[in-house]
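Everything below concerns the one structure shown next.
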Ligand code: NAD
């Protein structure tokens, strides 16, 4: 490959630079507590495998309850002495803007590190991970010195002031897909609002967030304000969630873990829990779609980019019966043109599945769907086995009924379930017939229908004549069992402060 090759969407990326970074030997990583890198108190580590080739990439600290308690104590001390919380918002803004600059300066290094850790194709990772994280820190930094309190309309002899007070210690638990982007969605508003944070990344995607914590201190965030503890959810995640000294929990991950967090909250200090969970998002194509070819192209990207490992992946295609065969054929053609392979090769459109267990689970879903009567139109198998990595072909299954496992359950892999429908009412009914409500898509040239669909579909976001690609200005959150609360937009700030009333007799 010529060393000057760049990627059009990301002109910063040059293949030779990516290749140089991918060869970098990674020393084992410790926790980041109180501004220092600290090993597990029992000295234990665990191997990090790269999904690119299945080889050991490095080791990270295997956290213990003791490690987590130390991080929480550090965050609590930092909060109580006001080293960050009592700084003027304009000062916090300056430091967070500097952090955004530092992330951008290290963007390629962070993107390659993240891809080696979790397998996302570099073309997507660069934009969605460091560049998105930098943008998120910038957004909340710029916002925080524009947030005012209120004066209540009281009688003349009293003054009712409504302040936004930081909540205290925020526990943040994030998944392995898009860790920087999702991490920044939590960290940036939490820090901007003056809180201290203890972050627990997924055990299999911690590396970029550990680096981010180092950059935060370099930018000027005081020691103890941002701590990162690595290790298993069952041990350090549970310790964080059960802590009496953590004031709120913000979480992105599976519904099963979300359920446990609510339980831990009830068993401890009733901390608020904001949950961003899974989805099984319907993408609905009507026969009056304006541009069938464009809809098929976007729909294929909507499920297959990042091997389908995106919470809002368009994993259920509902297509009006009259155009079913034509649309599926067009979508399959687009999917076939998407090249799967080494995620650090700029030529590839789709990288690796995150882990062997995820890959096996995806293949199991395909098998079960076939047993239940669905037809395999494309893919369905592991590919590129000789690389040692975990790769799966984009998979399209038709004839999926609303009672089938593949229709109802999140795969979190590159598997598309296709179901035909006849009428608008049926489309809404099918769209709403899972426990999830995270995202949806509607393709139609009829404006009235578009509005009716937006109103009728129960989900946090409904895309019309597009899928994905929204920016930081709008909230992302789920309804039903896709969660509560929202990341992104100014609304996210609401989670990270308490309303505090001062009632003053004049
Ligand atoms: P997961 O629930 O297995 O893990 C998420 C995090 O929770 C990890 O850090 C893990 O270590 C931790 N954890 C696990 N058990 C825990 C416990 N008992 N106590 C405390 N922490 C615990 O999810 P995952 O497999 O990492 O991520 C995939 C899921 O995340 C999918 O369901 C996907 O849809 C969802 N997701 C949702 C969004 C969104 O914005 N709604 C975004 C991305 C991913």
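Observations on the model:
- With bins 5 Å wide beginning at 0, the percent of Cα pairs of region 358-506 falling in each bin runs 2, 8, 13, 15, 15, 15, 11, 8, 5, 3, 2, 1, 1, 1, 0, 0.
- Alpha-carbon centroids, region 15-71 and region 347-376: separation in whole Å: 28
- With neighbours defined as other Cβ atoms within 10 Å of a residue's Cβ, the residues 471, 404 order from fewest to most as 471, 404.
- With neighbour counts taken as other beta-carbon atoms within 10 Å, the residues 164, 354 rank, fewest first, as 164, 354.
- Share of Cα-Cα pairs in region 399-480 lying beyond 17 Å, as whole percent: 52
- Relative contact order computed over region 190-241 (Cα-Cα under 8 Å; 6+ residues apart), in percent: 46
- Among 162, 323, 303, a tally of other beta-carbon atoms within 10 Å of each Cβ gives an order, fewest to most, of 162, 323, 303.
- The chain, relative contact order in percent, only Cα pairs under 8 angstrom and at least six apart counted: 17
- Note that region 303-425 shows a convex hull volume over its alpha carbon atoms of 104 Å³ per residue.
- Shape call, region 320-385: gyration tensor on alpha carbons, a/c limit 1.5: oblate
- Once the convex hull of all Cα atoms in the chain is built, its volume per residue stands at 154 Å³.
- Among beta bridges that DSSP assigns inside the chain, antiparallel share in %, nearest 5: 45
- Principal axis box of region 180-331, alpha-carbon based, largest edge first, Å: 59, 37, 27
- Once the Cα atoms are used to define both axes, helix 89-105 deviates from the longest principal axis of the chain by about 40 degrees.
- Distant alpha-carbon pairs in region 88-239 (separation over 25 angstrom), percent: 32
- Folded to 0 to 90 degrees: helix 65-80 orientation relative to the chain principal axis, Cα: 60
- Helix 179-192 axis, angle to the chain major axis (alpha carbon atoms, nearest 10°): 30
- Region 368-442 has equivalent-ellipsoid semi-axes of 27, 14, 11 Å, by the square roots of 5 times the alpha carbon gyration tensor eigenvalues, sorted largest first.
- Protection proxy ranking, highest mean first, for peptides 357-364, 193-200: 193-200, 357-364, where packing is the per-residue count of other beta-carbon atoms within 10 Å, averaged.
- Distance cut-off 19 Å, percentage of C-alpha pairs in region 46-170 lying past it: 69
Here, each number is a calculation from the coordinates, and none is a lab measurement. Computed from a predicted model, the values in this text were never measured in an experiment. We place every Cβ from the backbone using ideal geometry, glycine too, and count neighbours over all the protein chains shown.
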